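Report on the structure given below.
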Amino acid sequence: MKTILYIIQKEFKQIFRNKGMLPIIFVMPVLQLVILSNAATFEVKNIKFGYIDGDHSITSRALVEKFNASTYFEVLTDFPSEARASAAMLKGEVDVVLNIPPHFERDLQDEKYKALGVTINAIDGAAAGVENVYLTQVIQTFNQGLRVDLRQITDQQVQAMAIETIPLFWYNETLNYKTFMVPGILVLLVTMITLFLSGMNIVREKEIGTLEQINVTPIKERQFIVGKLFPFWVIGMGLLTVGLLIAKLIFDVPMLGSLPLMYLYTSIYILVVLGIGLFISNFTDTQQQAMFIAWFFTVIFILMSGLFTPIESMPKWAQALTEFNPIKYFVEVMRMVMLKGSGFMDILPQLLKTLLYAVIMNGLAVWSYRKTS
């Protein structure tokens, strides 16, 4: 026990002695959480909007003003022809072009029907889909108001029955995207910092030649591994604490669940990450190699974790692979506990899978270290 405490004390001194490492550990995660939580969003705003008004009527101008009043569209210009509008979209000057045909108002009054033309820049398919939804909502709202103005109800007419839908949004009433993203980005930062630091720390011992000296000392392997990795476990828990404070104080993310439950799961999850870092370090000789391999697997884990894209939208084979992704379970647990108020029994499946993952990865890490020592 004294040996482990000595190694832990040495590691903490070594970490705080490295002036270049301290900002990476304690400053960069805070900046990343604040910046990424504001930048990583699927909301599309400031859509560059152009239109071709072939009618120049009161109704057509009212429709354009409806878009101008929207917070999502930035109405730029009125194009005299479709050719000019196409050229502007080709240059990237506009994202959406609305084509109002001639006799728009007259046909609405006579026939109660008229088609509008919409052209959307769909290079970014996801953004184009969101823009189409926004545009459709504005037109539908305008159409509902227009139908009330144009409809003449007499004593002989029977007013059509209407079904009113009142949505109720659970867990994120204001539909704030930061509420969804902040827990996931916090998972990302805890994972990356602990993985990179733990992997490079042991490789650094190889580079400076002290690992061979440690291998010939009476220090047991488990004592060495626990002593080397425990400081990074503490750092990971500290990052979680700082991240939760930022999530509450800056982004006002609701925390409906139990904080001890989040810390319990995180303590097990960090063991998984440390095991992966140790496993990588056993097969690399330089810190650059360890960083590259760790980054390679981290990118795959992040993209298939459901952090940015829904797992349900992935192909079946990809959904099956996510079952081996530890980041997926951490993202699910953080969102379940923080936003839904889930309890221990709710996260028990993810907890058991993460615990099994921790046992396997640390077992492989210890086995491979013994083999290479």
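Values computed for the structure shown
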read-out: Test for Ile276: is it open to solvent by 20 Å² or more (accessible area, probe 1.4 Å) and closer than 18 Å to Leu188 by Cβ; value: yes
read-out: Pairs where the first residue, in the range 78-101, is farther than 23 Å from Ser57 by Cα and open to solvent by 60 Å² or more (accessible area, probe 1.4 Å) and the second is among the charged types (D, E, K, R) and not in a helix (DSSP H, G or I), C-beta under 8 Å, 6+ apart; value: Glu93/Lys48
read-out: Segments classed as helices (runs of 4 or more DSSP H), wholly inside the range 240-357, with at least 1 members that are more than 30 Å from Thr174 (Cα to Cα) and among the charged types (D, E, K, R); value: 316-321
read-out: Some residue of the range 223-240 being open to solvent by 30 Å² or more (accessible area, probe 1.4 Å) and farther than 29 Å from Val366 by Cβ; value: no
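The values are calculated or read from the model by the stated rules, or taken from the named source; none is laboratory data. None of these values were measured; they are calculated from a predicted model. Because the Cβ atoms are built from the backbone with ideal geometry, glycine has one as well, and the counts that use them run over all protein chains shown. Surface areas here come from the heavy atoms of the whole protein model, side chains and all, with no ligands, DNA or RNA. Shrake-Rupley method; radii C 1.70, N 1.55, O 1.52, S 1.80 Å.
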